[in-house]
Amino acid sequence: MRLVVDLNRCQGFAQCAFLAPDVFVLHGGEALFFTSRFDEGLRDQVEQAAAACPVQAVLVDYSDEPAKGAEGHVG
């Protein structure tokens, strides 16, 4: 799992920084700093931050996680 932020879309509302301060930091009221890879323990906070973004600039990418229930069958 990794974090993707569209900095062209970000308007600095800072909802992400309030909800996941260990991952997002708003610097100088305009520049957003974030960690694209984060500890699994922060997953809920990051998902809430992504959902709260009013311009949908924050996305959580799950493409590197194994699919659930996708075990192979032999025979």
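The values are calculated or read from the model by the stated rules, or taken from the named source; none is laboratory data. Predicted model, so just to flag it, every value in this text is computed and none were measured. Note: ideal-geometry Cβ built from the backbone for every residue, glycine included; neighbour counts use all protein chains shown. Side chains are part of the model used for accessible areas, which takes the heavy atoms of the whole protein and leaves out ligands, DNA and RNA. Shrake-Rupley method; radii C 1.70, N 1.55, O 1.52, S 1.80 Å.
What is the percent carbon and sulfur in the accessible area of the range 2-61, measuring with a 1.4 Å probe over the protein chains and ignoring ligands?
In the range 2-61, the share of accessible area belonging to carbon and sulfur is 49 percent.
Let me see the P(r) profile for the chain: every Cα-Cα distance counted, bins of 5 Å, each bin given as a percent of all pairs.
Histogram of Cα-Cα distances, whole percents per bin: 3, 16, 27, 22, 12, 7, 5, 4, 3, 2, 1, 0, 0.
Pick from Ala20, Ala50, Ala31 the residue whose mean-square fluctuation is largest in a GNM of the chain, springs joining Cα atoms under 10 Å.
Checking each option, the largest mean-square fluctuation is seen for Ala31.
Can you tally the net charge around Gln56? Count Lys and Arg as +1, Asp and Glu as -1, for every other residue whose Cβ sits under 13 Å from the Cβ of Gln56.
Net charge around Gln56: 0.
Could you work out the relative contact order of the range 2-61? I mean the mean sequence separation of Cα pairs under 8 Å and 6+ apart, divided by the number of residues, in percent.
The value is 48 percent.
Per residue and in cubic angstrom, what volume does the convex hull of the Cα atoms of the range 15-54 have?
61
Might you report the magnitude of the Cβ-based charge dipole of the chain about its Cα centre, with Lys and Arg at +1 and Asp and Glu at -1, to the nearest 20 debye?
Dipole about the Cα centre, nearest 20: 160 debye.
What accessible area per residue, rounded to a whole number of Å², is obtained for the range 2-61 using a probe radius of 1.4 Å?
Result: 63 Å² of accessible area for each residue.
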